[in-house]
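Right, one structure below, let's go through it.
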Amino acid sequence: MDISEIILYQLKMKMKHPFTTSFGTEQDRDFLLVEVKDASGRSGWGEGVASERPLYSEEFTQQSWMMLDQFLVPEALKQEISHPNDLQHTFKPYKGNYMAKSALEGAMWDLYAKQQEKSLSSVLGGTKKQIEVGISLGIEENIEALLANIQEKVDEGYKRIKIKIKPGKDVDVVREVRQHFPDIPLMVDANSAYTLEDMDTLKALDAFHLMMIEQPLAADDILDHATLQKEIETPVCLDESIHSYEDARKAIALGSCKIINLKIGRVGGLTESKRIHDLCEQAGIPLWCGGMLESGVGRAHNIAIASLANFTLPGDTASSSRYWEKDIINPEVVAEGGVLTVNDAPGIGYTVLKDEVEKHTIKKKQFKK
């Protein structure tokens, strides 16, 4: 692939609105970008989706920076990379750190597609020209604010509404939402806030005809989720539990879920995402693409992977304007009537605005081959 330079950026961008889950509240988004350049001056871009604190997973921004700086970038520059898939072998000695690996691998995929003069979607094997998207809404202090937010998103045409729940803000909240919105496609996301001791609460959610309940139990669990799925009618969707093809294979074999939320960063990149997609397609397990409060770079990668055939449920890649006063790509990601058009321009299909990147950059490091 003729790599000449890799540049790491750490950015801090303020989201338009705070986003609250069972983990806590986030508004200042601290994240990484990776730029990979070739000798012809083309650039590929990837985004590190780790958060500032290790709450969603054990990874966090400074850890990802250290991993890229000390290990992954130097290793990639030592190797002859002919295809982004090669990085799986290159990175194999280094345990975990999936989000750091994904950031660099994503930049390689973008550059590879540009070198082929093809869209990232097409080189991944995507077939869809449009994808349906939903919206993820954080926990609100009062039900009136949540209902108003849902109404706004329904009016905008989003194809699925996801609301966050936690103990004390679950059954009563969902009941109220269902009374006001009896027919909307609705799901809940627990972010690992429950245990099997909460079985009665989780069973009570069956009454509301939800599309799914996402990650109700521990982030590292697939066994208890299998027990839960046998006891409830609502489909269990696994998120934090799935870090690899092997995790997905075992969860499917155990009957731990009926749906999987695939996040590129969580599973280590697009190469592993494709493997999981193919496995789930063969097993009849539908996928959807989850969001990690990405900037436009990460959103563009999400759109590309969601163009694969087995992403049959609306994902979380909402419009840039939902999160940012101004995104770092042009054009911004825009969902019209709950539908995103898959960009067929080379690579991710969006121009990264270097001035905007630099404006938000708090740390930067260049590596020459």
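Here are a few things to note about the model shown:
- Amide hydrogen neighbours beyond the local backbone of Lys263, cut-off 5 Å, H modeled: Gly290
- Note on Ala309 and Thr351: their simple-model spin labels are 3.6 nm apart, each label 7 Å out from Cα toward Cβ.
- Accessible area in the full protein assembly, largest first, 1.4 Å probe, for Phe71, Phe31: Phe71, Phe31
- The calculated FRET efficiency for Gln282 paired with Lys92, based on their beta-carbon distance and R0 = 22 Å, is about 0.35.
- Under 16 Å from the Cα of Lys364 - lysines, other chains or at least 8 residues apart: Lys12, Lys37, Lys354
- Among the trypsin sites (Lys or Arg not before Pro) found in the stretch 219-300, those both in a DSSP coil and sparsely packed, with 16 or fewer other Cβ atoms within 10 Å of their Cβ, are Lys258.
- FRET efficiency, 1/(1 + (r/R0)^6) with R0 22 Å, evaluated for Thr361 and Glu52 via beta carbons: 0.90
- Label separation (Glu246 vs Thr25): 4.1 nm, computed from points 7 Å beyond Cα along the C-beta direction.
- Qualifying trypsin sites (Lys or Arg not before Pro) for the stretch 27-73 [loop in DSSP, other Cβ within 10 Å: at most 11]: none
- DSSP loop GluC sites (Glu not before Pro) with at most 10 other Cβ within 10 Å excluded, longest remaining stretch of the chain: 142-324
- Total formal charge among the other residues, if their Cβ is under 15 angstrom from that of Asp344, Lys/Arg +1 and Asp/Glu -1: +2
- Scanning residues 5 or more positions from Trp324 or on other chains, those with amide H under 5 Å from its amide H are Lys16, with H placed 1.01 Å from N in the peptide plane.
- Taking θ as phi - 60° and the Karplus parameters 6.51, -1.76 and 1.60, the scalar couplings of the stretch 314-330 work out to x, x, 9, 7, 7, 4, 3, 5, 5, 10, 10, 5, 8, 7, 9, 10, 9 Hz in sequence order, x denoting glycine and proline.
- Spacing of the two label points (7 Å from each Cα toward its C-beta) at Lys368 and Ile232, in nm: 5.6
- Rounded, prolate or oblate (a/c below 1.5 giving rounded, otherwise prolate when a/b exceeds b/c) for the stretch 72-164 by Cα gyration tensor: oblate
- Protein accessible area in the chain, 1.4 Å probe - carbon and sulfur %: 48
- Whole-percent pair-distance distribution, where bins are 5 Å wide, for the alpha carbons of the stretch 122-341: 1, 7, 16, 19, 20, 17, 12, 6, 2, 0
- Legend: Rg and Dmax of the chain, from Cα coordinates, 19.7, 61 Å.
- Gain on full extension, evaluated as 0.36 nm per residue between Lys14 and Asp224 minus their Cα-Cα distance, stands at 71.9 nm.
- Ranking Val297, Gly168, Phe367 by how far each Cα lies toward the positive end of the dipole of the chain (charges on Cβ) leaves Phe367 at the top.
- Rounded accessible area per residue of the stretch 122-341, 1.4 Å, Å²: 37
- Distant-in-sequence amide contacts of Ser51, defined by a placed amide H-H separation under 5 Å and a gap of 5 or more residues or a different chain, comprise Thr61.
The values are calculated or read from the model by the stated rules, or taken from the named source; none is laboratory data. Note that the coordinates shown come from a computational prediction; the quantities given were computed from them, not determined experimentally. Because the Cβ atoms are built from the backbone with ideal geometry, glycine has one as well, and the counts that use them run over all protein chains shown. Heads up: the accessible areas ignore ligands, DNA and RNA and are worked out on the full protein's heavy atoms, side chains in. Shrake-Rupley method; radii C 1.70, N 1.55, O 1.52, S 1.80 Å.
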